[in-house]
Amino acid sequence: MQPKIRRALRADVHEISAMIQELADFEKESDSNKATPEKLLETVNFADDVALEHIPLAGAPSRKVAHCFVLTIGEKVAGMALFFYNYSTWLASPGVYLEDLYVRPEFRRRGLATLLFGALAEETQRISEGKGRLEWSCLRWNEGALKFYERIGGTRMEEWVSVRVAGGDKLEHLKQLADEVRASSNNNNK
């Protein structure tokens with residue numbers, strides 16, 4: 001049969017929940033999974049929940065996905081936190097991913113980064129009813145930042161490795177690989 005991709009329906013919720021648990025089991029985090037079918041119904045946008053004509057660009061998300069907090073002192077902008085919303089299948093909850101946090105050098109060591117993190121924590125609680133998580137990445141060599149993050153309650157995720165496909169050429173290559181799989185599947189089904 002030809003593989004097909006579609007938006008999930010409410011009727012899929014038990015299979016989705018089972019697959020999330022299987023993934024949690026594989027990753028040795030069985031007890032961390034909170035994604036019950038009921039929680040998924042509350043937190044996942046299923047195709048039969050909304051009329052398709054209300055989804056921008058025929059199913060594409062809005063291109064305006066980033067948000068930013070700016071910290072000012074008087075008239076001067078002292079720092080900022082740029083973030084976007086993400087989703088945890090294990091928690092079955094939205095969260096916040098911090099893309100960039102910056103405090104200008106002349107304003108450092110005054111607790112301003114802590115204030116920005118407080119605003120991010122508040123935003124995370126607001127969108128997740130207190131159940132989500134705030135995540136970010138840090139370069140390994142940035143020991144000062146890593147120590148700061150630990151002081152404010154951050155946990156290093158040593159078992160996780162960031163992976164990305166970036167740029168038009170690499171994304172196009174990935175699409176071509178998928179096209180080859182589809183073509184091969186079509187030939188095998190004849």
(message) Need pairs with beta-carbon distance below 8 Å; first residue within 22 Å of residue 45 (Cβ to Cβ) and within segment 89-115, second small (Gly, Ala, Ser) and surrounded by fewer than 16 Cβ atoms within 10 Å (Cβ to Cβ); sequence gap 6+ or separate chains.
(response) 90/32
(request) Within segment 116-138, work out how many residues are closer than 17 Å to residue 152 by Cα, in contact (Cβ under 8 Å) with a residue 12 or more places away in the chain and not in a loop (DSSP other than H, G, I, E, B). (result) 10
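Only residues that are among the polar types (S, T, N, Q) and closer than 18 Å to residue 145 by Cα: list them for segment 110-125, please. It would help to see each step written out before you state the result.
From segment 110-125, those among the polar types (S, T, N, Q) are 114, 124-125; that's our starting set.
Within segment 110-125, 114 is the sole residue that qualifies.
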(message) Here is a list: 154, 132, 168. Which entry is touching a Gly at 6+ places or on another chain (Cβ under 8 Å) and small (Gly, Ala, Ser)?
(response) 132
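Only one of 136, 160 is at pLDDT 95 or above and within 25 Å of residue 31 (Cβ to Cβ). Can you tell me which?
Details: 160 fails: at pLDDT 95 or above.
From the options 136, 160, the qualifying one is 136.
The values are calculated or read from the model by the stated rules, or taken from the named source; none is laboratory data. Everything quoted here is computed from the prediction, not taken from an experiment. Glycine gets a Cβ as well: all are built from the backbone with ideal geometry, and neighbour counts include every protein chain shown.
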